[in-house]
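For reference, the structure is listed below as structure tokens.
Coordinate-derived values only; no laboratory data. A quick note: this is a predicted structure, and the numbers were derived from the prediction, not measured. Quick reminder, even Gly has a Cβ in these numbers, built from the backbone with ideal geometry, and neighbours come from all protein chains shown.
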Amino acid sequence: MSAETLTAAAVLAWAGGTSVSRGRSYVRELDRLVAQPGPGGLSLSGTAYGQDAYQVRGTVQAGQVTGAHCSCPVGSGGTCKHAAALLTRSAELPGDFQQVPPLSELLGPLTTGQLHRLIEQMLSASPELLALVYRSGPVSAQAASIPALFRMVKGHYHDGWQYEEEGLDTTDLEAVLDGADAVSAFDPQQALSMYVEMVRNIEAAYETWADEDDEPFDDLMVAAVGGLLMLIGEGQLGDDDRSRAFAVLTGLENPLHLARSSALASAAEALSEAEQATLQRLFQAQYDDPDTYYRPVFARALTQVIPRRQQTPDQREALLLISRDTQELIGFYLTSDDQDAPAKLVGYLTSSNAPLEPFFTLFEEHAAEEVLEQCIVQRLKRQGGPGRLGPEAHWLFDRYVTSGRHEQAHALATTGLLNTAEVGWERLLRQVSLDWRKDWNAVFTTLQQKTPLHEQLLQLLLTDQHALADAEAFDRQRQGAFSVHLRAELATRLAQDATTRSRAAEVYAELAERLINLRGRNNYIEAARYLVSMQQLIGTEGTRAHVQTLAQKYKNLPSLRDELRKAHLL
């Protein structure tokens with residue numbers, strides 16, 4: 001027995017019983033079976049046919065499966081039914097596989113010229129393999145491949161590409177940047193060459209054929225700029241290379257890519273005073289431009305390149321306000337010696353729409369819960385009172401409760417419930433209510449007078465916290481003036497109780513006629529479904545009479561009669 005011979009037990013150990021069982025029907029249907037020895041073991045390949053033709057591979061070494069892969073949607077791990085089928089075929093009928101000599105044996109006798117011609121023929125047959133050649137070559141060749149890769153992208157570029165489903169494919173360019181990131185630790189000079197070449201080619205594309213607003217190139221530029229900043233920040237470059245990297249960054253046609261980079265802050269700390277001053281002048285010029293749309297971006301960049309010790313409190317405050325960097329601004333005000341800082345922070349956050357939940361911990365770390373409370377209170381006032389129960393209102397409610405201010409908690413929950421008829425507010429009000437029946441009666445009376453909230457009120461009454469009779473009574477009071485889906489929910493609940501099944505049937509009948517009056521095939525289909533639900537409650541005889549009345553009443557609607565017949569109601 002060969003050392004690479006598979007056994008059924010080895011296949012079972014790799015793929016598992018379920019996949020082996022499911023793959024059994026594919027075993028005899030596999031074709032294009034090839035077995036090729038190599039340094040990593042015996043390589044198996046074949047084609048399985050399911051909803052599509054799937055390419056399956058497996059590797060066997062010392063009688064065990066060491067790897068597998070399938071092109072089917074679930075085959076990346078190599079344990080799908082198709083992979084199990086390939087391995088089972090090898091274990092049971094190894095002679096079905098065409099034995100191919102090792103690749104080294106096939107290519108070994110070829111001269112360099114013959115290999116080049118072979119590769120050229122392969123690329124002529126499959127041009128998409130060109131990118132693989134670039135990526136598979138030595139890293140030193142990848143920077144040189146960037147212009148060629150851009151020419152390939154240009155070949156697919158045309159007006160309106162951004163409206164295509166697949167978009168513009170820049171995968172190979174992204175792979176080059178991934179390679180640069182990978183080699184930056186042990187060959188920073190090579191990474192530098194790749195980043196610089198990427199920047200130059202993107203700018204050349206902008207100048208000649210690409211739009212500066214094209215998102216793929218924008219992302220590539222940000223990544224390349226980030227790579228250059230990383231090399232500078234980590235001190236991996238010699239003086240000449242460092243100067244080259246810095247010159248590329250400060251010479252960008254659009255310094256916005258530099259200002260936006262997440263690597264700017266850490267790199268700025270490693271810059272000399274002269275370099276910091278250069279970046280400061282560059283960003284300040286953009287910040288002072290009255291026509292720029294990106295002043296907040298350049299304001300944030302200035303806070304990063306101007307050393308903190310050189311920033312005056314007034315300057316830092318102004319830049320943070322313009323940059324709208326909420327986290328930095330909160331930290332600045334909470335650590336400021338300015339007695340007006342808390343009031344300024346409350347004013348800023350009250351007028352801002354930025355969510356406060358991400359910063360709860362920051363306030364707590366600075367023991368500034370009182371400031372946060374003021375911010376939330378002012379926000380709720382600005383909004384005209386609490387609306388939907390969000391994290392901020394919930395935090396305020398919890399603070400009132402934990403600090404013993406039950407009256408404030410009760411008032412907040414009551415107002416929130418009256419404003420929204422939301423179940424979340426009801427739960428909180430129940431939590432602090434001393435007389436729930438009294439509180440609920442008062443809330444319900446008020447909500448009944450708020451017509452815009454009637455839909456939400458019925459939804460609230462349909463929760464498990466309330467008797468179904470209350471929801472049904474409110475529906476009768478409002479003469480069913482609710483949305484179709486909400487009344488359908490009511491009917492479903494009524495149908496679950498034997499004492500209210502007849503009322504459920506009435507609601508289904510009302511919904512059906514309402515949909516019929518809206519006209520349209522889809523409405524007729526839905527109406528028929530409700531009539532079927534009605535039939536399940538009151539029986540065929542009672543429903544037939546009602547359906548015949550509807551059919552006669554709407555005899556000028558042949559589509560309706562068609563749908564009623566399809567539902568076996570006529």
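How large are Rg and Dmax for the stretch 8-107 when only the alpha carbon atoms are used, in Å?
Every Cα atom of the stretch 8-107 included, Rg and Dmax give 12.5, 40 Å.
Normalised by the number of residues in the chain, what is the relative contact order in percent for Cα pairs under 8 Å and 6+ residues apart?
Values: 635 pairs, mean separation 28.4, N = 570.
After rounding, I find 5 percent.
With a 10 Å Cβ neighbour count serving as the proxy for reagent exposure, in which order, fewest first, do Ser184, Ser243 appear? List each step's numbers first, then the result.
On the way: Ser184 20, Ser243 12.
Sorted ascending by nearby Cβ count, the order is Ser243, Ser184.
Grab the DSSP H runs of the chain that are 4 residues or longer, score each as -39,500 (n - 2.57), total them, divide by all residues and round the 222 nm result to the nearest 500 deg cm²/dmol.
Working: 31 runs with 362 residues, N = 570.
-19500 deg cm²/dmol, from helical runs alone.
Output the antiparallel fraction of DSSP beta bridges having both residues in the chain, as a percent to the nearest 5. Could you put the intermediate results ahead of the total?
On the way: 20 of 22 bridges.
So the antiparallel bridges in the chain amount to around 90 percent.
When you count, for each residue, the other Cβ atoms within 10 Å and take the mean per peptide, how do 287-297, 494-504 rank with the highest first? Write out the running numbers ahead of the final one.
Values: 287-297: 13.1, 494-504: 15.6.
The most tightly packed comes first, giving 494-504, 287-297.
Which loop-located trypsin sites (Lys or Arg not before Pro) does the stretch 422-491 contain, where loop means any DSSP state but H, G, I, E or B and the Cβ has at most 13 other Cβ atoms within 10 Å?
Details: sites: Arg427, Arg430, Arg437, Lys438, Lys450, Arg476, Arg478, Arg487; in loops: Lys450, Arg478.
Hits after loop and neighbour filter: Lys450.
Under the Kirkwood approximation for Rh and a Cα-based Rg, what ratio Rg/Rh is obtained for the stretch 483-570? Before the final figure, lay out the partial values.
On the way: Rg = 12.2 Å, Rh = 12.8 Å.
Expressed as Rg/Rh, it is 0.96.
Two decimals is fine: what's Rg over Rh for the stretch 172-305, C-alpha atoms, Kirkwood radius as Rh?
Values: Rg = 14.3 Å, Rh = 15.0 Å.
My calculation puts Rg/Rh at 0.95.
Which FRET efficiency value, to the nearest 0.05, do you get for Thr112 and Asp187 by plugging their Cβ-Cβ distance into 1/(1 + (r/R0)^6) with R0 = 22 Å? Intermediate results must be reported in sequence, preceding the final value.
Values: r = 26 Å, r/R0 = 1.18.
In this case the efficiency is close to 0.25.
For the stretch 342-416, compute the orientation-averaged projected area of the C-alpha convex hull (one quarter of its surface), in nm². Provide the component values of the computation, followed by the final result.
Working: hull surface 18.8 nm².
Over every viewing direction, the Cα hull of the stretch 342-416 projects on average to 4.7 nm².
Work out which GluC sites (Glu not before Pro) in the chain are exposed loop sites (DSSP not H, G, I, E or B, at most 15 other Cβ within 10 Å) and give the longest gap free of them. Don't jump to the answer; show the numbers that get you there.
Values: sites that count: Glu164, Glu165, Glu166, Glu212, Glu234, Glu253, Glu269.
The longest uninterrupted stretch comes out as 270-570.
Listing Tyr333, Tyr157, Tyr400 from the residue with the fewest other Cβ atoms within 10 Å to the one with the most, what is the order?
Details: Tyr333 23, Tyr157 15, Tyr400 20.
Ascending Cβ contact count within 10 Å gives the list Tyr157, Tyr400, Tyr333.
Enumerate the aspartates and glutamates that Lys81 could reach by cross-link, defined here as Cα to Cα under 15 Å, with residues fewer than 8 away along the same chain left out.
Glu29, Asp52
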